[in-house]
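Below: one structure, written as structure tokens.
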Amino acid sequence: MTIAKDSSSLPDGRSLLTLPRLKEARVLSVTDHRAGDVIARRLRELGFVPGELVRVVAQGPLGGDPLLVQVGFTRFALRRAEAERVQVEPLP
Amino acid sequence: MSASTATLRIALVGNPNCGKTALFNRLTGSRQKVANYAGVTVERKEGRFADGNGRVVQVLDLPGTYSLAATSPDEAITRDVCLGRVAGEPKPDLLVCVVDATNLRLHLRFVLEVQRLGLPMLLALNCTDLAEKRGIRIDHDRLQAGLGIPVVETVAVRSGGTQALVRRLGQTLPPASKALPEGADLHAAVNHLLADAVQMPRRTAEIDDRIDRVLLHPVWGLAILAVVMFLMFQAVFSWAEPLMGGIETLVGWAGQGVGALLPEGVLKSLLVDGILAGIGGVVVFLPQILILFLFILALEESGYLPRAAFLLDRFMVGAGLTGRSFIPLLSSFACAVPGIMATRSIQDPRERLATILVAPLMTCSARLPIYALLIAAFIPSRTVWGLFNLQGLVLFALYVAGIVSALAVASVMKWWRRSKLEHALLLELPSYRLPNLNDLALGLWERAMIFLRRVGGIILALTVILWALSSFPTPPEGATGPAIDYSFAGRLGHALQWLFAPIGFNWQICIALIPGLAAREVAVSALATVYALSATDDAAADLLAPIVSAQWSLPTALSLLAWYVFAPQCISTLAAIRRETLSWRIVAIAAGYLFALAYLASFLTYRLALAFA
Ligand SMILES: Nc1nc2c(ncn2[C@@H]2O[C@H](COP(=O)(O)OP(=O)(O)OP(=O)(O)O)[C@@H](O)[C@H]2O)c(=O)[nH]1
Ligand SMILES: [Mg+2]
């Protein structure tokens, strides 16, 4: 359950952090930063699971941090370190 | 049939902000806090009502949680109740899972997780009014069949909106809920349910997207936030003036009436100098407190607060706090006690402690009377830059001083105890809601009652005690000077003066600081009583503000204002810190650093003002 997937091995996989604003993408995986990563676990519970659609809706005023991310029907504010765990594939 | 006589024990569980507390209030007639952001309820609350068959139903309102794998103290409460881990409390007979019908993708996953507990369950499909408005169509029968538990529609904010739920509670208890097998993908199951039973024209409300585009804009968003905060403090001064004038006239008139009716003596002194002067001096500030709360209540219900937290997160992180600290700190503008309790929704213990320690620096509404008194007495009511009221501007500056020092103190704590762990924000931004005018009015009415009860209770009691201490013992035969100089309080005030003279406080202020420990507003009523008693002529019904402005120097007034930015003296706040941290050491640290800062700030203010005046 806590096996980290290496995003570089996935087709077109990249971190949510690099997704341009308002660009639709699909979640590929959530990477654990350490064994039993609580934050990664919570992200999955909130709906960041493979196949789910996500979009960056807004960025914070200072250094683009935090990000406002739409997943499912809900918007969450994520700091960059949290968003970095989410690997996505932009939709064409 | 025997079940109809025994009490039915139900618990409301669900994701944050789905309307559990609104339902709880509607069911039990309680008035627990409801607001439009995640993490409002942070403790378990119990209530009861009788269902149609006369059976008593005991209802538990619990903090919202995204999952039973709790990550913060409030979530742990819900987990423990659901798992029956609370000592002396058996598991509930029935879990009422509440979901927001406009947020099913997230909320149904938790329902499926809770089903694994194997307790009897019921689904309350709440906010169906909002779902309807957005054109979301939910097939009741299919959802019920898919979940395998009874489903009832509710609208927690409408009277009669819980009828279906109450009716279902009156029927036989549903069987223990079945669950998906261990290891099954709950997300996939939710998507399957949604595809089967729900039609949704759009994933989000269009209006939310539009408003967010402006309010979360990196430049406009911050500008609007600043304007909103600024307006709030301007309004506290400019809108309240006519109302305050009315109350002042009434109090003065009552003082003269009673004064004329009663003969000279102890009773007259108690009523006019003690109670009317003291209580009247505090009641005058009711309009300002209500205006402040009008803003706070409207902001809480609108859904704007988490947005403000989003905009400010980076600034707060820089100071060792987090965006999550924002809402507890904002609540502290009302009173630090609920603010300190609200920190339970902060996951990281270090961030939580930092928030608790700086919460008393937020200017609580009990300090408003003191600020307002001194500002009205010493700051001219002028319009500056053709737009702003100077008094409102000074008030704003005092609030800002509190905020800035909170950030500074938090930064110092960050250096002192660095946290190696990484901490998440993960903050949900809810849909915008238009505050309901009835609810606002009711909320203000409650606030007014709380304030008046304080005035009639603790403030009245302390005022009478202070009057007694300031009147007795009576001066010896042939004494000159005001009688108060010979009383207990007078002597105590003079004795304390060596400590406070360096920061410009006179002995009257020293006396007022002591009862102010129990309730900050009492500092004002105490000053009123002390001055009323020291008045040699019979101008007792005089208002406090003109007396103060005639007798104090500007440096003294500024020094007292600076003192109250930090004002460590509030026993309920210290008790709340003890309750939430279970540590006397932290209480001592909080009281110590606040006192030191208050003294230092007053000293600097006084000396600088003396040098420049
Ligand atoms: N329109 C509408 N609004 C609702 C309904 N139920 C709740 N609300 C609003 O939803 C928001 C959240 O309500 P709460 O009762 O505080 O939610 P909660 O589940 O107790 O939240 P937490 O205590 O944070 O877990 C408030 O703004 C309510 O006014 C409903 O049926 N219809
Ligand atoms: Mg609640």
*asked:* What is the angle, in °, between the Cα long axis of helix B:220-238 and the longest principal axis of the Cα atoms in chain B? Nearest 10 is fine, range 0 to 90.
replied: 50 degrees
_Keeping all protein chains in the complex and leaving out DNA, RNA and ligands, what accessible area do you get for B:Lys268 with a 1.4 Å probe, in Å² to the nearest 10?_
20 Å²
*If r is the Cβ-Cβ distance from B:Arg578 to B:Ser238 and R0 is 30 Å, what FRET efficiency results, to the nearest 0.05?*
0.15
_Just to verify a number: FRET efficiency for B:Ile589 and B:Ala87, C-beta to C-beta distance, R0 = 41 Å, to 0.05?_
0.85
*Probe 1.4 Å - accessible area at B:Leu290, Å² to nearest ten*: 40 Å²
*Step through the residues of segment B:368-385 one at a time and calculate ³J(HN,Hα) from phi using the Karplus curve (6.51 cos²θ - 1.76 cosθ + 1.60, θ = phi - 60°), rounding each to whole Hz and writing x for Gly and Pro.*
4, x, 6, 4, 5, 4, 6, 5, 4, 7, 10, 9, x, 7, 10, 8, 10, 6
*C-alpha long axis of helix B:104-115 to longest principal axis of chain B, angle in °*: 80 degrees
*Diffusion coefficient, µm² s⁻¹, Stokes-Einstein with Kirkwood Rh over alpha-carbon pairs of segment B:1-112 at 4 °C and 1.567 mPa s*: 90 µm²/s
*Counting only residues 5 or more places away or on other chains, whose amide H sits under 5 Å from the amide H of A:Val71 once H atoms are built in the peptide plane?*
A:Phe76
*0 to 90° range, to nearest 10: angle between helix B:73-82 axis and chain B longest Cα axis*: 40 degrees
_Percent of Cα pairs exceeding the 32 Å cut-off, where the set is segment B:2-203_ = 9 percent
*How long are the semi-axes of the ellipsoid equivalent to the protein assembly as shown, from square roots of 5 times the Cα gyration tensor eigenvalues, in whole Å, largest first?*
52, 30, 22
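Suppose R0 equals 60 Å; then what is the FRET efficiency for B:Ala6 and B:Arg491 from their Cβ-Cβ distance, rounded to the nearest 0.05?
Computed FRET efficiency for B:Ala6 and B:Arg491 comes out at 0.40.
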*Could you pull the accessible area for A:Thr74 with a 1.4 Å probe, rounded to 10 Å²?*
10 Å²
*Using modelled amide H (1.01 Å from N, peptide plane; none on Pro or chain starts), what sits under 5 Å from the amide H of B:Phe505, excluding residues fewer than 5 places away?*
none
*Are there chymotrypsin sites (Phe, Trp or Tyr not before Pro) in segment B:367-406 that DSSP puts in a loop and that have at most 15 other Cβ atoms within 10 Å, and which ones?*
B:Trp385
_Using C-alpha positions alone, give me the convex hull volume of segment B:118-190 per residue in cubic angstrom._
106 Å³
*Order the following by accessible area, largest value first: B:Leu117, B:Leu398. Probe radius 1.4 Å; ligands, DNA and RNA are ignored.*
B:Leu117, B:Leu398
*Run through the DSSP bridge list for chain B and note the antiparallel percent, rounded to the nearest 5.*
35 percent
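Looking at chain B, identify the longest residue range that excludes and avoids all GluC sites (Glu not before Pro) in DSSP loops having at most 10 other Cβ atoms within 10 Å.
B:265-476
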*Taking θ as phi - 60°, what are the ³J(HN,Hα) couplings along segment B:149-163 by the Karplus curve (6.51, -1.76, 1.60), each to the nearest whole Hz, with x for Gly and Pro?*
10, x, 10, 10, 8, 9, 10, 5, 9, 10, 5, x, x, 10, 3
_Taking a cut-off of 47 Å, what percent of all Cα-Cα pairs in chain B are separated by more than that?_
25 percent
*Mind scanning B:Lys33/B:Lys178; B:Lys20/B:Lys178; A:Lys23/B:Lys178; B:Lys33/B:Lys133; B:Lys20/B:Lys91 and naming the pairs with a C-alpha gap bigger than 28 Å?*
B:Lys33/B:Lys178; A:Lys23/B:Lys178
*What residues have an amide H closer than 5 Å to that of B:Gly14, excluding those fewer than 5 places away on the same chain, when H is modeled at 1.01 Å from N in the peptide plane?*
B:Thr65, B:Val98
*Pull out the extension gain between B:Phe612 and B:Trp385, defined as 0.36 nm times the separation in residues minus the alpha carbon to alpha carbon distance; nm, one decimal.*
79.3 nm
_Distance between the C-alpha centers of segment B:1-70 and segment B:195-220? Whole Å please._
29 Å
*Convert each backbone phi in segment A:67-76 into a coupling constant with the Karplus relation 6.51 cos²θ - 1.76 cosθ + 1.60 (shift: θ = phi - 60°), then list the ³J(HN,Hα) values in order as whole Hz, x for Gly and Pro.*
9, 9, 10, 8, 9, x, 9, 10, 10, 10
*Starting from the eigenvalues of the Cα gyration tensor, five times each then square-rooted, give me the equivalent ellipsoid semi-axes of segment B:455-612, largest first, whole Å.*
28, 21, 14
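The values are calculated or read from the model by the stated rules, or taken from the named source; none is laboratory data. Fair warning: this is a prediction, and the values are worked out from it, not measured in the lab. Positions of Cβ are backbone-derived with ideal geometry, glycine not excepted, and every protein chain shown enters the neighbour counts. Surface areas here come from the heavy atoms of the whole protein model, side chains and all, with no ligands, DNA or RNA. Shrake-Rupley method; radii C 1.70, N 1.55, O 1.52, S 1.80 Å.
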